1. Loop only per DSSP, at most 12 neighbouring Cβ atoms within 10 Å: give me the chymotrypsin sites (Phe, Trp or Tyr not before Pro) in region B:278-327, ordered by residue number.
2. How big is the shadow of the Cα convex hull of region B:231-317, averaged over all directions, in nm²?
3. Under 1.5 on a/c is rounded, so check that first for region C:100-181, then, if it is not, pick prolate when a/b is larger than b/c and oblate when it is not; a ≥ b ≥ c are the square roots of the alpha carbon gyration tensor eigenvalues.
4. Could you work out which residue, out of C:LEU194, C:LEU58, C:LEU185, moves most in a Gaussian network model of chain C, that is, has the largest mean-square fluctuation with Cα springs under 10 Å?
5. Select from region B:199-234 those trypsin sites (Lys or Arg not before Pro) which occupy a DSSP coil region and have at most 14 other Cβ atoms within 10 Å, ordered by residue number.
6. Would you kindly state the longest site-free stretch of chain A, with sites defined as GluC sites (Glu not before Pro) in a DSSP loop (not H, G, I, E, B) surrounded by at most 11 other Cβ atoms within 10 Å?
7. Can you list, largest first and rounded to whole Å, the semi-axes you get for chain B by taking the square root of 5 times each eigenvalue of its Cα gyration tensor?
8. From the residues B:PHE288, B:THR81, B:ILE204, which one has its Cα farthest along the dipole of chain B in the positive direction, the dipole being from +1 and -1 charges on Cβ of Lys/Arg and Asp/Glu about the Cα centre?
Amino acid sequence: MSSIVLQQAINGIVVGSLYVLVALGLTLIYGVLVQINFAHADIVTLGAFAAYGVTHLLSGNYLAGIAAALGLGAALGWLINAGIFVPLRERGSELLPLIATIGVSIMLQNAMLALLGPIPYAFDTPYSNQVIRLGTLFLTVQNVLIILVSGVSIALLYGFMKFTFLGKALRAVSQDRETAGLMGINPGHLIMLTFVIASALAGLSGAMLGPVLVLTPFAGTSVIVKAFAIVIIGGFGNVEGTILAGLLVGLIESYTTQFLDPGLIDIVVFALLLLTLAVRPTGLIAERREENV
Amino acid sequence: MSKTSPNAAAQSRERRVWYLIAAVIVAALPLFVTDSYWRTNLIVCALNILLAIGLDFVLGYAGQLNLGQSAFYGLGAYSSTLLVLKLGLPFWAAFAIGTLMAGAAGALLSFFAVRLRGHYLAIASLGFAVIIYQILLNWISLTQGPLGIYGIAPPPTVAFPGLPQIAFGDLRNLFYLTAGFTLIVYVLLDQMVHSPIGETLTAIREDEVSAASLGIDGPKWKAFAFAVSSAAAGAAGCFYAPLVGTLVPDAFFVSESFMILAMVIVGGMGTLVGPVFGAVLLTILPEFLRSLGDMRLIIYGASVTLAVLFMPGGIVEAFHLLRHRLFPEGEMR
Amino acid sequence: MNPAAPKQADPPTPLLEAHRLCKNFGGVRAVQDISLTISAGTVFAIIGPNGAGKSTLLNLLSGVYQPDAGEIRFAGLDLVGLPAHRRVRHGLARTFQKIRLFKQLSVLENVLAGYHTRHSIPPLQYLLHGAAFRADARRCRAGALDLLEFVGLAHRAAVPAGSLAYGEQRLLEIARALATSPRLLMVDEPAAGLNGAEVAALLRRIANLRERGVTIVLVEHNMDLVMTLADRILVMDYGERLFEGAPGEVQAHPEVIAAYLGAEAL
């Protein structure tokens with residue numbers, strides 16, 4: 001019994017750390033732009049398919065697949081920012097960019113559906129079947145890789161935000177556009193950089209999630225709903241809260257699968273989301289962001 | 001579209017003329033459309049208009065994005081059907097309860113998220129749509145899950161003494177019922193948006209802090225707009241079940257919310273007539289594009305994005321631009 | 001004209017009283033221990049350098065923020081805990097330092113939105129407009145046009161608010177706030193960005209409002225305007241009260257001159 005609990009904890013952390021990567025991208029963009037890219041999760045799906053395709057083409061070179069997903073994610077992030085968010089910025093609407101990216105999401109999903117069909121792809125990496133045993137617990141090398149890659153990415157991102165000049169500038173933009181201007185940095189470039197980083201992370205997590213998920217063109221939809229939940233539970237724009245909430249949702253998912261019913265995952269996560277909104281509307285770790293009136 | 005023209009009474013009269021024209025169109029349509037396939041499409045069209053004007057009320061006027069229309073639609077459909085099947089309630093009682101339940105769920109949901117920015121409400125409603133779908137799928141003892149509920153009867157026959165009976169198994173009568181109901185909802189919403197309620201909702205859309213400084217209770221009015229929007233979707237659901245005769249959860253997947261959003265955006269949000277055009281176009285047009293298969297949905301997605309980028313006023317704006325181009329001297333209404 | 005002198009002799013009825021108000025933002029003391037008493041029918045000015053907490057104080061009084069500590073009473077009513085929109089019904093109105101008009105609505109519609117609390121329409125007539133609805137619409141419209149006339153924007157009634165010049169937008173905010181029929185009007189830097197003639201017109205209008213019995217709270221950097229209009233002046237610095245008194249006293253106070261007036265008066 002206790003080994004099941006531990007085993008599921010590991011599974012939960014594996015999936016949760018990938019959700020963290022997806023959600024961090026959303027939260028970074030929200031931090032600098034106060035906008036949501038609804039197509040963010042479709043970048044995850046496209047990343048997964050890109051990794052799948054390249055891995056198979058290069059007869060099992062998964063690392064090349066990961067690189068492809070990373071690159072594709074970055075390119076899509078650039079494209080979505082330049083094509084949607086930049087032209088809509090001057091209109092200053094809260095909802096128009098969200099709606100426009102919903103359109104992008106519908107397009108991407110159905111384009112994938114037309115090209116790839118609705119049947120789930122079996123994405124096995126060379127590491128999916130190598131198992132490490134630790135007493136009664138077992139881990140695939142893929143799982144270890146996931147935890148390693150997402151852990152390192154999260155740490156790098158965290159360090160970048162906290163300690164580098166660009167990272168500080170990014171945070172300055174999220175507080176106040178003018179301050180960033182005073183630091184001699186073009187806010188437009190910073191926003192572009194944020195999109196590229198966030199979307200590259202989404203592509204990366206797609207490459208890592210592909211082997212774990214049921215890989216269909218609609219995989220992104222279930223991911224985005226969880227990512228949104230994570231971002232709200234963690235507090236929009238709050239990096240620490242997002243990490244915590246992502247792992248929490250991963251754990252909830254694996255325990256719900258084990259002890260209740262996989263069909264209930266979304267319901268449990270959403271209940272937690274509503275509870276958070278009711279009790280702590282600013283997220284687990286409260287962040288005070290007063291509106292300048 | 002200026003609402004500041006000096007003669008409000010004349011505008012009010014003009015609106016009533018348009019209502020009358022719409023009623024005549026509704027009355028005449030089944031005379032020209034006799035084929036049962038196209039009559040069914042007309043009914044679907046009426047339901048989509050109901051869903052779209054409901055969404056526009058909360059999105060175009062109050063500026064809140066309700067991505068839960070699919071869930072409220074499903075809530076209305078399943079609750080009314082189950083109330084008839086399991087509790088033996090008469091259809092119209094089930095219809096009223098189903099509609100009210102959807103509206104109450106919408107108001108409740110908005111109360112959870114109103115304290116925060118509009119994005120939260122959009123996401124909470126999206127999450128709600130996913131949850132309702134999952135519940136419909138997984139609560140098999142109640143909904144029969146993916147197998148669905150079959151053989152749902154049409155609304156009961158109406159018989160007034162001295163008049164011929166009206167049976168709703170007849171598609172013409174069902175069209176009159178649904179389109180008539182949709183027209184009534186349209187008129188009520190149109191009257192509301194052209195009243196101080198419209199001013200209040202647009203004030204919230206434009207700037208909520210500013211609206212509060214004028215005595216406007218933002219959360220209350222957002223909940224109101226959400227409730228109206230969700231109730232319209234619930235009512236559409238109550239009609240959907242007997243029209244199709246079958247209920248499966250997939251009819252109420254989140255993507256349905258996006259389709260309704262597309263109708264509002266393409267038609268032109270913030271005017272009630274825009275979503276009507278959008279719903280008609282996006283319901284009827286795909287019938288001619290069936291051969292395209294999945295391309296159909298790609299076109300839906302592209303039309304949303306392109307409309308937001310290049311024609312945020314949708315068909316209505318395009319129409320105004322065209323009229324302006326053709327009759328540059330013409331008076332602007 | 002200096003109405004401050006007679007008012008001191010005859011103790012007036014206080015309309016708004018605040019007692020030891022405090023507001024912190026994440027460790028920053030934006031407002032610290034501010035008390036004030038505003039008499040009905042007077043102009044009460046709040047001055048101080050940027051970041052002195054003037055706007056925060058206004059936000060506390062209007063209900064955008066709730067204070068961390070302290071009391072606010074308006075005509076005897078306890079305002080603490082009351083949200084902004086409820087305070088409007090009791091007769092408080094305000095404008096914003098950073099203009100917050102409904103930019104896409106017309107000038108007239110902006111003012112009409114200010115009638116939110118003042119409609120008299122039977123509920124059913126919202127769904128089906130009738131005679132009472134039309135009478136209400138006529139009444140509000142006429143009132144709104146009067147207010148636009150008062151601020152000199154009647155000729156701009158039909159244009160979108162966002163297309164007005166900056167100074168006009170400030171005036172429209174005042175008209176919109178007046179539409180709520182306030183007993184107390186709080187104006188946050190109404191003269192910012194106005195030219196000399198516009199300031200003079202603004203001065204006449206505020207004086208006119210006071211004559212009509214509206215009490216005014218004025219946050220402003222333009223010292224000519226403040227010294228001409230104000231009956232009492234509160235000087236703030238670093239969230240705290242530096243001094244409070246009549247214009248003559250403020251101008252003579254050495255600390256105030258050093259901290260604030262000095263730089264601008266010279």
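1. On the way: sites: B:PHE288, B:TYR300, B:PHE310, B:PHE319; in loops: none.
Here no chymotrypsin sites (Phe, Trp or Tyr not before Pro) fit, given the DSSP loop and packing criteria.
2. With every direction weighted equally, the projected area is 6.3 nm².
3. The shape class here is prolate.
4. Fluctuation is largest for C:LEU194.
5. none
6. A:91-290
7. So the equivalent ellipsoid measures 31, 25, 21 Å along its semi-axes.
8. Final value for the positive-end residue is B:THR81.
Read-outs: derived from the displayed coordinates by stated rules, not from any lab. Please read these numbers as outputs of a predicted model, since none were measured by experiment. Because the Cβ atoms are built from the backbone with ideal geometry, glycine has one as well, and the counts that use them run over all protein chains shown.
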